[in-house]
Amino acid sequence: MNSDIEILRQKIDSIEDKLISLLNERAKYVLEIGRIKKEQDLPIIDSKREEIILNRVAEKNPGPLSNEFVTEIFQKIIEESVRMEGG
């Protein structure tokens, strides 16, 4: 196999490892927020917060990924977060 491709694939693997780690770190905070919401009898779903997140990630996206793709990814992350919080 082409060594340049292999080097690039190793870099992708490393980035994927970091993404998994960061997503799980985020999930730990989500669980804590869910615990606090339950203690304070707050709703799990916060549409305004979701809108803020989606707008922010689109604004922060430098490309080459499209904003539509990035927001779709974060919509999935938010869906899982809501599930984890108990919604």
Added length on full extension, which subtracts the Cα-Cα distance from 0.36 nm per residue, residue 20 to residue 75: 18.1 nm
Set of the stretch 45-87 residues, backbone N closer than 11 Å to the point 7 Å along the Cα-Cβ line of residue 27: 80-81, 84
Theoretical gain in end-to-end length, residue 52 to residue 12 [0.36 nm per residue, Cα-Cα removed]: 11.5 nm
Size descriptor, Kirkwood hydrodynamic radius, that averages inverse alpha-carbon separations across the stretch 17-87, Å: 13.0
Cα-centred dipole magnitude for the chain, charges only on beta-carbon of K, R (+1) and D, E (-1), debye, nearest 20: 220
Mean separation of Cα contacts under 8 Å (6+ apart) over length of the chain, as relative contact order %: 36
Three-way shape call for the stretch 45-84 based on the alpha-carbon gyration tensor, with the a/c threshold at 1.5: oblate
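Computed from the coordinates by the stated procedures, all read-outs in this text should not be read as laboratory data. No experiment lies behind these values; they were computed from the predicted model shown. No Cβ is skipped: glycine too gets one built from the backbone with ideal geometry, and neighbour counts run over all protein chains shown.
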